[in-house]
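These notes are about the structure you will find just below.
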């Protein structure tokens, strides 16, 4: 998976959990309450998220070499459009179609809008969620009735991938960007408990990645783990001294401000600064979008956060000081060298001033996957690729490349 795909996965996952996941809400058709509901439309109908969703779905569908992409109703319409645009950007000019619940009683009286699939044409079906699969199964059978062939169905979230072999009677393979488990959601949405009926939580959120990332400050080691809501833990000599819940999709910690600040960012778009000794919260700032990584200013109470959507934000003392877009996405924490903040975008390495975020220099990123920013001796910034090999060395002050020369 490329850095761009990782950033888009994180953006979509954050949007689904922050805007679409509603524990203890929603009702079944018979009026009974649901344990939870995932409303993907509430998440996806946002410009950057819809664009990312289209690219991720197209990545799943590309291998089938479809001629057309189809969906059903309100949930399918935006995703069909997004996939068509993603395919077009990838050099494939496809057709799209939408199935209505019933043919219109006026106009052309069609049940399928757009160019209907026909004999010899290969279709891929798209939707936001699949649970029982009945909606997509009915669409697959409608496509087959026209003489077309359904290669696969691609969805954002498959709620039951462990037991699914194919869609109903059509047997169409389902591929998904996420399963419910990969979003950290456990339990059946239709199952309610006494706690839910009383307004409690009838679901369980877990995070699959229990492995942490750590940074050291003197004898203190700060570790972030994703379990139990996202935690920042301070350890001394292997013993936990304090623990704070800091939000899901928590970044690696960073220390700075002459050792007086430890900071993290999270998938909800929040940067949090704490006292390293006690874990007492100093301040928190909403930076507007999921955070890929943070770095602390070495001498001031300022934290520089790289957002997943390609914006670097300077946050401090409870407010945003400045922000600067450096590309369509970022996937690593920035670094600070002298008076320059350096961040890695999809096509360039960008240096901006620490004080005001003014653009200082832009250096093209070398070809191939680059994944990590490191600060080297002598005031240079080193970009390594996924194999750990040095791909680029730049003087942080001047922006002059030292390697490759």
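Values in this text are rule-based calculations from the coordinates and carry no lab data. As the structure is a computational prediction, the values presented were derived from the model and not from experiment. Backbone-built Cβ (ideal geometry, glycine too); neighbour counts: all protein chains shown.
Listed from fewest to most Cβ neighbours within 10 Å, the set 271, 337 follows the order 337, 271. Relative to the dominant Cα principal axis of the chain, helix 3-15 is inclined by about 70°. Computed over segment 245-345, the alpha-carbon pair-distance distribution with 10 angstrom bins reads 19, 56, 24, 2, each value a whole percent. Extension gain for residue 85 to residue 181 (0.36 nm times residue separation, less C-alpha to C-alpha distance): 31.7 nm. Spin-label pair residue 243-residue 397: with each label point 7 Å from Cα along the Cα-Cβ axis, the two points sit 4.6 nm from one another. A full extension of the chain between residue 42 and residue 300 corresponds to an added length of 89.0 nm, given 0.36 nm per residue minus the alpha carbon distance.
Between residue 277 and residue 347, the FRET efficiency from the beta-carbon distance, with R0 = 41 Å, is close to 0.50.
Length gained on full extension, residue 141 to residue 173, computed as 0.36 nm times the residue gap minus the Cα-Cα distance: 10.2 nm.
How much FRET efficiency would the formula 1/(1 + (r/R0)^6) give for residue 109 and residue 219, where r is the Cβ-Cβ distance and R0 is 60 Å, rounded to 0.05? Efficiency for this residue pair is about 0.20. Compared with the dominant Cα axis of the chain, that is its longest principal axis, helix 134-145 is turned about 60°. Give me the angle, in degrees from 0 to 90, between the Cα long axis of helix 47-61 and the longest principal axis of the Cα atoms of the chain, rounded to the nearest 10. Taking the Cα atoms of the chain, the angle to 47-61 is about 60 degrees.
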